[in-house]
1. With part of a helix (DSSP H, G or I) and either open to solvent by 40 Å² or more (accessible area, probe 1.4 Å) or touching a residue at least 12 places away in the same chain (Cβ under 8 Å) (or both) as the only criterion, which of Val107, Val123 stands out?
2. Thr49 passes all but one of (1) over 23 Å from Ala111 (Cα atoms); (2) open to solvent by 80 Å² or more (accessible area, probe 1.4 Å); (3) free of Cβ contacts under 8 Å to residues at least 24 places away in the same chain; which number fails?
3. So Ala40 clears everything in (1) buried (at least 16 other Cβ atoms within 10 Å of the Cβ); (2) of a type outside the set (Phe, Trp, Tyr); (3) out of contact with any Leu (no Cβ under 6 Å at 6 or more places or on another chain) except one condition, right? Which one?
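The values are calculated or read from the model by the stated rules, or taken from the named source; none is laboratory data. From a predicted model like this one, the values you see are computed outputs, not experimental measurements. A quick note on method: Cβ atoms are made from the backbone with ideal geometry, for glycine too, and the neighbour counts reach across all protein chains shown. Areas reflect the complete protein model, heavy atoms only, side chains present, ligands, DNA and RNA absent. Shrake-Rupley method; radii C 1.70, N 1.55, O 1.52, S 1.80 Å.
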Amino acid sequence: MPALAYIEYPEASPRVRAVYDDIMATRKVDWINNFWKAIANDPETLERTWQSIKYVMGPGALDPLVKELIYLAVSTTNGCEYCIASHTAAARKKGLTDPMLGELLAVIGMANETNALATGYRVEVDEAFR
């Protein structure tokens with residue numbers, strides 16, 4: 001159960017509807033997902049978060065699939081079920097295959113394991129890496 005009621009499009013203020021309209025136009029979809037409907041309870045957070053996501057996930061030096069894979073890796077490590085589902089779906093639309101997902105999950109698991117070991121052992125960074 002969500003912490004606050006979702007703000008559905010028909011009940012949204014003009015300010016929230018403007019963001020919803022931009023999300024749908026940018027993503028070329030005809031619906032708003034629950035994440036946006038939840039944070040629409042605070043229109044400033046909705047606007048700021050949408051502008052940041054649009055900028056960061058938009059065109060840049062990294063391939064769009066790579067950006068989704070990074071987002072998926074961080075979401076997996078952070079244990080965000082919603083973001084895992086959302087960004088897996090987005091990555092699949094950009095070309096993610098089952099073998100790629102399996103390999104990504106193996107890399108995520110390995111990185112988390114070796115990060116924990118390096119942190120626990122308090123390993124100093126080698127000069128060659130600086």
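1. When all the criteria are applied, what remains is Val107.
2. Looking at each condition in turn, Thr49 falls short on (2).
3. Result: Ala40 passes all but (3).
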